Amino acid sequence: MAKLIVTNRDGETSTIEADTGISLMENLRDNDFELAAICGGMCSCATCHVFIDEDWMAKVGPRSEDENDLLGELDSFNDASSRLSCQIEVTKELDGLMVTIAPDE
């Protein structure tokens, strides 16, 4: 388990206990955060867009080329913090990760 600090689209922040070994998207979805995640984690829709606190970006790893392409099409894209939550596996090393759900586009 890892604790995640999540801010929803209304600006409300809460802490959740996340399962390790599955994606951030799956953890957010399982905790009833408003993510469409239409493609189910296949990196083909960008409906699980989140902002990772900049202090954590190095720990979640770099974006793939496909992820960059999808994120670059979004109005809310932020090069310093945007990620697709389906592309981040939650590990114990991410305990304390701070995430903000991106606006719905």
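The values are calculated or read from the model by the stated rules, or taken from the named source; none is laboratory data. What you see is a predicted model; the values in this text were computed from it and never measured. Note that we place each Cβ from the backbone using ideal geometry, even for glycine, and neighbour counts take in every protein chain shown. For the accessible areas, the whole protein counts, side chains as well, though only heavy atoms, and no ligand, DNA or RNA atoms are used. Shrake-Rupley method; radii C 1.70, N 1.55, O 1.52, S 1.80 Å.
Give me the percent relative contact order of the chain, please, defined on Cα pairs under 8 angstrom at least 6 residues apart. In percent, rounded to a whole number, it is 43. Seen from all directions on average, the chain presents a Cα convex hull projection of 5.7 nm². A Förster distance of 35 Å, applied to the separation of the beta-carbon atoms of Ile38 and Ala80, puts the FRET efficiency at 0.85.
Within the shell of other residues whose beta carbon sits under 13 angstrom from the beta carbon of Leu35, the net charge comes to -3, with Lys and Arg scored +1 and Asp and Glu -1. Under a 10 Å cutoff between Cα atoms, tell me which one of Met25, Met57, Met42 has the largest fluctuation in the Gaussian network model of the chain. Residue with maximal mean-square fluctuation among Met25, Met57, Met42: Met42.
The fraction of accessible area contributed by carbon and sulfur in the chain is 43 percent, rounded to a whole number (1.4 Å probe; ligands and nucleic acids excluded).
With both residues required to sit in the chain, DSSP beta bridges show an antiparallel share near 75%. Could you work out which residue, out of Val50, Val90, Val60, moves most in a Gaussian network model of the chain, that is, has the largest mean-square fluctuation with Cα springs under 10 Å? Result: Val60 has the largest fluctuation of those listed. One decimal place: the segment Asp30-Glu89 gains 19.8 nm when fully extended, by the rule 0.36 nm per residue minus the C-alpha distance.
For segment 1-87, a simple Cβ point-charge model (Lys and Arg +1, Asp and Glu -1, everything else neutral) yields a dipole of about 180 debye relative to the Cα centre.
Structural descriptor for segment 1-41: relative contact order 31 percent, calculated from alpha carbon pairs under 8 angstrom and at least 6 residues apart.
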